[in-house]
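The values are calculated or read from the model by the stated rules, or taken from the named source; none is laboratory data. Quick caveat, the model's predicted, so the values are computed rather than measured. Cβ placement follows ideal geometry from the backbone for every residue including glycine, while neighbour counts extend to all protein chains displayed.
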Amino acid sequence: MLINGFTGTGRRSVVSAAAVAAVTAAGCGVTPAAPPARGGPPVIVIRDNANGTVVPVAAGDRVELILSSSYWDVAGSSAPRVLRQDGPATLMPRPSTCPKNIPGLGCIPIQMNFTALADGRAVIKASRTSCGEALRCGPHHTRFTVTVVVSSH
């Protein structure tokens, strides 16, 4: 099975655009390793629907956490020597589906970047108490946790 650009044997594999589209459409919440930008490390993108999952990455890979609401408060990496946080969370561009004239929607995504440094496990956690102005979140929408397993093989 191909997950994040790795096969079950731990060897890197080439991920086609069709495979990326199929995995993304399946809603697993993790986009396979993107081709490196100008020789840089692969980028693994983790989104909201990866909540509660374990994501394998290789040492040296970059990890982008993208959560769909500015109401998320991201705690960062539980193990900075395994998965280093590369700066604070930043707001992404406003999606076209997020109305400009209605305040308090929280529909602007946030992004936080990490670098996988060494073998081990790191947990990324985020929490929120609101899902929009005056809207309480349902019980399954207040916490986000993903475990990143870094391997050098």
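Summed over segment 61-87, the residues that are more than 11 Å from Lys125 (Cα to Cα) and aromatic (Phe, Trp, Tyr) give a count of 1. The number of residues in segment 50-76 that are crowded, with 17+ Cβ neighbours inside 10 Å, of a type in the set (Gly, Ala, Ser), in a strand (DSSP E or B) and free of Cβ contacts under 8 Å to residues at least 60 places away in the same chain comes to 1. Look at (1) more than 17 Å from Asn113 (Cβ to Cβ); (2) at pLDDT below 95; (3) not in a helix (DSSP H, G or I) and you find that Val23 fails only one, number (3). Given the structure, is Val63 under 20 Å from Ser152 (Cβ atoms) and out of contact with any Gly (no Cβ under 9 Å at 6 or more places or on another chain)? Judged against the criteria, Val63 is a match. Taking segment 84-131 as the range and being free of Cβ contacts under 8 Å to residues at least 40 places away in the same chain and of a type in the set (Lys, Arg) as the test, the residues that pass are Arg84, Arg94, Lys100.
In the condition set (1) modelled with pLDDT of 95 or more; (2) buried (at least 16 other Cβ atoms within 10 Å of the Cβ); (3) among the acidic types (Asp, Glu), Asp86 is compliant with all but (2).
Taken over segment 44-67, the residue count meeting the criterion of being within 11 Å of the chain's Cα centre (by Cα) and over 16 Å from Thr145 (Cβ atoms) is 4.
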